[in-house]
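The values are calculated or read from the model by the stated rules, or taken from the named source; none is laboratory data. Computed from a prediction, not measured in an experiment: that's the story for all the values here. Counting neighbours? That spans all protein chains shown, and the Cβs are built from the backbone with ideal geometry, glycine included. Areas reflect the complete protein model, heavy atoms only, side chains present, ligands, DNA and RNA absent. Shrake-Rupley method; radii C 1.70, N 1.55, O 1.52, S 1.80 Å.
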Amino acid sequence: MDQIRAHQAKLPKKQRHSVGKLLQRISLSRVTYYDERKRIANPYDKYAQVKQRVLAISRQGLYRGRRTYGYRRVKALLDQDGIHLADATATRIMRQLGVQVSMYNQHRNGKYSSYRGTVRKIAQNVLQQSFTATKPYQVIHIDITQI
């Protein structure tokens, strides 16, 4: 938006587009636009001191180079220091800083897998059957072990 306005500043006033029409075209409310401009102009972070303390606490919880303190322990230590935060705020700050627990995390890739490796022994190919096919329905097999 600001780039468009800067580009149009060179044009005569009658050829410029109004801010309201531009915002309407990109379906952004006027209040949101001015609020974001104010936030960009004044980048004050009210949690700057809290973030420094969270980093110090997470460094304190390192074990073999891995982080062991979760948000509950970090929040409890912040409470001892007189810094009171909501749970969601503590987790958000820890996520922004990248200080989540890495040692006890069971879901490393986030995917469930029931694969346990080779469970039973694989029978020998006594009949020398070829189980490879280049087209669908070229080789059809059936399991008759229970018959």
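Could you tell me whether the range 99-118 includes any residue that is part of a helix (DSSP H, G or I) and within 25 Å of the chain's Cα centre (by Cα)?
So far as the range 99-118 goes, no, none of its residues is part of a helix (DSSP H, G or I) and within 25 Å of the chain's Cα centre (by Cα).
Only one residue in L77, L22 is more than 29 Å from the chain's Cα centre (by Cα) and not aromatic (F, W, Y). Which one?
Within the list L77, L22, the selection yields L22.
In the range 8-31, which residue that is open to solvent by 70 Å² or more (accessible area, probe 1.4 Å) and of a type in the set (S, T, N, Q) is modelled with the lowest pLDDT?
The extreme case among them is Q15.
Can you pull out every residue in the range 61-76 that is in a loop (DSSP other than H, G, I, E, B) and surrounded by 15 or more Cβ atoms within 10 Å (Cβ to Cβ)?
Answer for the range 61-76, where residues must be in a loop (DSSP other than H, G, I, E, B) and surrounded by 15 or more Cβ atoms within 10 Å (Cβ to Cβ): G61, T68, Y69, G70.
Let me spell it out: the conditions are (1) open to solvent by 70 Å² or more (accessible area, probe 1.4 Å); (2) part of a helix (DSSP H, G or I); (3) of a type in the set (S, T, Y), and S58 meets all of them except one. Which number is the exception?
For S58, the failing item is (1).
Out of (1) open to solvent by 100 Å² or more (accessible area, probe 1.4 Å); (2) out of contact with any Leu (no Cβ under 9 Å at 6 or more places or on another chain); (3) modelled with pLDDT of 80 or more; (4) of a type outside the set (G, A, S), the odd one out for D45 is which?
Result: D45 passes all but (1).
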